[in-house]
Amino acid sequence: MKASSCFEIDDASLYRRVCGYMDRNLKTIESEMEVRIIPRGNTLIVSGSSKASGAAIRLLHVISDYLHENGTKKELDDFDVRYLARSFARGKEIKASDINRFKIVISETGRVVVPRTTNQADYISLIHEYPITFAIGPAGTGKTYLAVAVGLHMLFRGKVERIVLSRPAVEAGENLGFLPGDLIQKINPYLRPLYDALFDLLSFERVSSLIEKGIIEIAPLAYMRGRTLNRAYIILDEAQNTTTSQMKMFLTRLGNDAKIVISGDVTQIDLDKTSKSGLLQALEVLRDVKEIAFMEFTTEDICRHPVVEKIVAAYNKYEAKCE
């Protein structure tokens with residue numbers, strides 16, 4: 001059933017920014033939400049199905065409120081508008097205050113991390129909203145990098161007091177005790193992707209200082225038992241290589257005012273064939289726990305070199321053929 005609704009804006013500058021340059025924002029909303037928007041004076045006439053037009057009007061209200069609250073120079077970019085339109089089209093309601101979560105600002109350096117796909121924006125939003133977030137998907141989708149960026153953002157905003165980085169050490173097939181060096185040297189090779197993200201967002205000297213002070217902590221999974229982590233932001237990377245007992249142990253470390261982000265790729269399990277992945281079991285067991293969020297990335301979210309997406313797709317096709 002077709003319906004038409006009107007949205008009026010008295011402020012000419014605000015009206016222009018809602019519409020975007022050459023009505024670019026309106027065109028994006030039209031294509032993503034299957035509505036027609038006609039500008040008339042200071043009024044936008046929205047037509048389409050009653051559901052779509054209603055959602056588009058609510059979206060325009062959110063965009064207008066956000067731009068009004070953030071000053072006369074604030075504009076929304078193409079990604080912001082596309083993400084908002086897709087979210088409202090699928091029934092997700094977003095507040096104007098939530099839009100700032102799409103971009104991660106590292107206050108110490110002024111570095112801004114911008115999501116490149118709608119799933120990445122959803123992932124950032126889920127981390128803010130839920131105490132525990134699982135991120136599952138192929139390599140290169142930003143699971144680890146974005147988790148580290150959000151952690152630094154929360155640390156420098158005073159929302160958490162420390163960041164704890166953890167990762168199972170199973171790739172070499174050796175117990176940590178057999179590796180040379182002290183505890184940090186033993187686990188460092190396995191935490192390299194987490195370090196890479198930290199060094200990309202902060203200087204080497206700043207990261208080293210935070211580690212020395214214990215504000216950023218390296219905690220091998222095997223040494224997490226018995227701890228309760230309050231006001232901490234905890235990242236478990238490569239979670240597909242945890243055993244079922246390790247995953248349960250890790251999840252129960254969550255203390256007050258803390259957050260856990262768990263990332264993994266279920267297609268790259270390095271455990272021996274007699275052990276079940278703790279990540280796979282957690283996905284089965286915890287799906288109905290409303291305080292836990294799950295973000296599933298696809299090859300479309302891969303943001304490394306373009307050939308990486310093709311490599312992942314080729315392997316997926318080959319493995320499906322061999323089953």
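Structure above, values below:
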| item | result |
| --- | --- |
| Of all accessible heavy-atom area on the chain, the percent that carbon and sulfur account for (1.4 Å) | 50 percent |
| Percent antiparallel among DSSP beta bridges (both partners in the chain, rounded to 5) | 40 percent |
| Cα Rg over Rh - the range 22-70, Kirkwood | 0.96 |
| Convex hull volume per residue for the range 37-111, taking Cα atoms only, in Å³ | 105 Å³ |
| Gained length - Ser47 relative to Glu217, 0.36 nm times residue gap less alpha-carbon distance | 55.8 nm |
| Shape call, the range 267-307: gyration tensor on alpha carbons, a/c limit 1.5 | oblate |
| Formal net charge of residues neighbouring Ile215 (Cβ-Cβ distance under 15 Å; K, R +1; D, E -1) | +1 |
| GNM top mover of Ala89, Ala12, Ala222 - the chain, alpha-carbon springs below 10 Å | Ala12 |
| The range 1-157 - percent relative contact order, Cα under 8 Å, separation 6 or more | 19 percent |
| Residues of the range 36-74 with amide N under 13 Å of a point placed 7 Å along Cα→Cβ from Val112 | 73-74 |
| Tail beyond 19 Å, pair distance distribution of the range 216-273 (Cα, percent) | 27 percent |
| Linear extension gain, Lys2 paired with Lys27, 0.36 nm per residue minus alpha-carbon span | 7.1 nm |
| Set of the range 102-128 residues, backbone N closer than 20 Å to the point 7 Å along the Cα-Cβ line of Asp77 | 102-126 |
| Within the chain, helix-based [θ] at 222 nm, where runs of 4 or more DSSP H residues each add -39,500 (n - 2.57), nearest 500 | -12500 deg cm²/dmol |
| √(5λ) per eigenvalue of the Cα gyration tensor, the chain, largest first, Å | 41, 23, 17 |
| Tensor-based shape of the range 227-323 (alpha-carbon gyration tensor, a/c under 1.5 rounded, otherwise prolate or oblate) | prolate |
| Cα-projected label distance for Ala12 with Lys95, points at 7 Å along beta-carbon direction, nm | 3.4 nm |
| Cα convex hull volume per residue for the range 240-296 (Å³) | 85 Å³ |
| Furthest towards positive pole of dipole, Ser125, Gly140, Leu236, structure part the chain, Cβ charges | Ser125 |
| Segment Arg157-Lys276, length gained on full extension (0.36 nm per residue, minus Cα span) | 39.0 nm |
| Relative contact order computed over the chain (Cα-Cα under 8 Å; 6+ residues apart), in percent | 18 percent |
| Sequence-distant lysines (8 or more away, or on other chains) whose Cα lies within less than 30 Å of Lys213 | Lys103, Lys143, Lys159, Lys186, Lys248, Lys259 |
| Label-point separation in nm, Phe199 to Val266, each point 7 Å along Cα→Cβ | 3.3 nm |
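The values are calculated or read from the model by the stated rules, or taken from the named source; none is laboratory data. Computed from a predicted model, the values in this text were never measured in an experiment. Cβ: placed from backbone, ideal geometry, glycine included. Neighbour counts: every protein chain shown. What goes into the accessible areas is simple: the full protein's heavy atoms, side chains included, and nothing from ligands, DNA or RNA. Shrake-Rupley method; radii C 1.70, N 1.55, O 1.52, S 1.80 Å.
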